[in-house]
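Notes follow the structure.
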Amino acid sequence: MTTELKMSVNIGSLTLANPIMPASGAFGEDMEGIIDFNQLGAVVPKSITKHPRKGNATPRVCETPAGMINSIGIQSKGIDYYMENVIPYYGRYQTPLISSISADSIDEFAEMASIIAGTKEVAALELNISCPNLKGNGAAFGMDAKLTRELISEVRKVTEKPLIAKLTPNVTSIQEIALAAEAGGADGLNVANTLLAMAIDVHTRRPRIGNVLGGLSGPAVKPIIVRMIYQVHQVTNLPIIGCGGVMNGEDALEMILAGASAVQVGTASFVQPTAMLDILEEIKQYMVQYGITDINSLVGQVAAGKHTTEGC
Amino acid sequence: MKPIQMKICSNQQVSQRYWHMKVDASELTEPVMPGQFFQLRCGHDLNPFLRRPFSIYRINREEKTLEFLYLVKGAGTQRLTLMQAGDSVDVFGPLGTPFVLEDEWKTILLLARGVGIATLAALAQDAAEKGVQAVAILSARSRNDLLAAETLQGFGAKVLFVTDEEQTSGVDSVREQIESLLAEHPIQAAFTCGSKRLSRLLQEITAQHGIPGQIALEEHMGCAMGVCFACVCDVRDGEYLKTVRVCKEGPVFPLEKVVLG
């Protein structure tokens, strides 16, 4: 007997056929011959900036134990190319398109959001608030609760489409930032971007990343991200998209039990190009094994008792 | 294209630092061309974490096997040496843009150093099959490193060996050798891989002689599918510089366009 599994999840007014989607920067048109995009919950192309950007010096990636550090520098062809080529390309698929936006100022975020969300093909926006505020002191918007709230509320004014704030994990209190994004009018939270990291080649005494610092991803960060999803889920009812180190179905389920409604897969696709669809299949097998018919019934269902704030 | 579990026919040490692996590629449906590469998982677990790119050393189309010649350098290649005949290895590819051999070319020059020799060996094999004469200068640290390069002679290539230990691999010495090869042979195209120093030299010489060149680049890779933009290089596009992906637009580029930092 096969039971019909309900895999669809909602991020604000957006309904996804299933909870699995790519992480921005780890997905693109070049994967079309490798996986069927129509089987994903959403497609999330690489973050777009207003103007073309060259990106950072190489090496842009280095391997670390159970993960990798990257500092690509958002190499981008700019918004005009994006509007003319990227959006129409993904418009051919039935899968909802979530456009990831990166900008140097709040005004630029709002300007880009207005243009991109104005197209019928774009189902939702993911705001990469982990990038530095060049009109401020250069610290990431997402490191400051007040700026986060202001940024989301300014973008909120220009579009009614679902807004997902992609939080940076490089903060003291992820809960504070999550609440600020909610207060600003976000419809969902992506928890989270990469963790600021560094690696040094002791033989050459040089940093192993051209930009010196980069973002850590992969299994090494997953327990930190699971903790953050759990903490964010405790203070807000906004749907959470978990992102960080998911390699298999169990990893994705861990995030769902911690409070994520959907899960992004990034680095895993580099190791196993078919990872996203493999993960989706493994989640279904788990649901069959435990008699779960609706994926939503697992969200936030970790049987956790009381804990100390610091974990010690 | 999906990753394939390929059966290892053999995996053996061929010199102090180099190993040679042959795999059964009978499940592979895409054609494989010299200059392209495959992403291999060097173990069966996540250590090392990322796949490693390996260029193709030999393509045995009738036998449906592929051969890789690899330098044991870091955690990935060390782990790869532990794999044995009969084991399977997770292979993803072929990836990237191959070398182009124009029909009218009858004689070509190959200039390779180190593990770049493996990349040009596949081209020498293809050239031989098409009746193209290859003349090669192969550079390495030591004579021992060149043991694995002897296969090029099997393709009828005229091969000159230069090494650091014999102090024959300096740029000036290689320049003289290239110039005398150009004087002796009607070379119509030049190919290189494995050394920025030698590539710059070849860039200069081919420009002087008006000979087209192609280079296969190496770079740290993330996805190798063209989505992560980790493995980039600058190429000249008219008066501008363009940052392109080594895994997708490359690894083979027109030699005159590549900016060799």
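Annotation: amide H of A:T64 within the under-5 Å range of A:I69, sequence separation 5 or more or interchain, hydrogens built in the peptide plane.
Taking a ≥ b ≥ c as the square roots of the Cα gyration tensor eigenvalues, with a/c under 1.5 meaning rounded and otherwise prolate when a/b beats b/c, else oblate, which class fits chain B? Here chain B falls in the prolate category. For chain B, the longest principal axis of the Cα atoms and the long axis of helix B:116-129 meet at an angle of about 80 degrees. For A:G242, what charge total do you get from the other residues with a beta carbon under 14 Å from its beta carbon, if Lys and Arg give +1 and Asp and Glu give -1? Taking every other residue near A:G242 into account, the sum is -1. Taking 25 Å as the limit for the C-alpha separation, the pairs B:K2/B:K73; A:K166/A:K284; B:K73/B:K106; A:K6/A:K120; A:K146/A:K166; A:K54/A:K166 exceed it in the case of B:K2/B:K73; A:K166/A:K284; B:K73/B:K106; A:K6/A:K120.
Across peptide A:50-61, the mean count of Cβ atoms from other chains lying within 10 Å of each residue's own Cβ comes to 4.
Once the Kirkwood radius over Cα pairs is known for chain A, the Stokes-Einstein relation at 25 °C and 0.890 mPa s delivers a diffusion coefficient of 126 µm²/s.
Based on alpha-carbon atoms, the Kirkwood radius and the radius of gyration of the range A:77-176 give Rg/Rh equal to 0.99. Using the Karplus curve 6.51 cos²θ - 1.76 cosθ + 1.60 with θ = phi - 60°, work out ³J(HN,Hα) for each residue of the range B:221-226 in order, rounded to whole Hz, and write x for Gly and Pro. Result, rounded to whole Hz: 10, x, 7, 6, 10, x.
Rounded, prolate or oblate: which fits the range B:107-216 when a ≥ b ≥ c are the square roots of the eigenvalues of the alpha-carbon gyration tensor, with rounded for a/c under 1.5 and prolate only if a/b beats b/c? It is oblate, given that a/c is not under 1.5 and a/b is not larger than b/c.
Average 1/r across all pairs of distinct alpha carbons in the protein assembly as shown, invert it, and you get the Kirkwood radius: 25.4 Å. Span-like helix criteria (full DSSP H runs; alpha carbon extent of at least 27 Å along the helix axis; mean Kyte-Doolittle hydropathy of at least -1.0) are satisfied in chain A by no helix. Shape class for the range B:12-167: oblate, because the ratio a/c of the largest to smallest gyration tensor axis (alpha-carbon atoms, square roots of eigenvalues) is 1.5 or more and b/c is at least a/b.
Summary value for chain A: 20 percent relative contact order, contacts being C-alpha pairs under 8 angstrom separated by 6+ residues. Summing +1 for each Lys or Arg and -1 for each Asp or Glu among the other residues whose beta-carbon sits under 10 angstrom from that of B:G76 gives +4.
Each reported figure results from applying straightforward, stated rules to the coordinates on display, with no laboratory input. Keep in mind that what you see is a predicted model, and the values were worked out from it rather than measured. Reconstructed Cβ throughout: ideal geometry from the backbone, glycine too, with neighbour counts over all protein chains shown.
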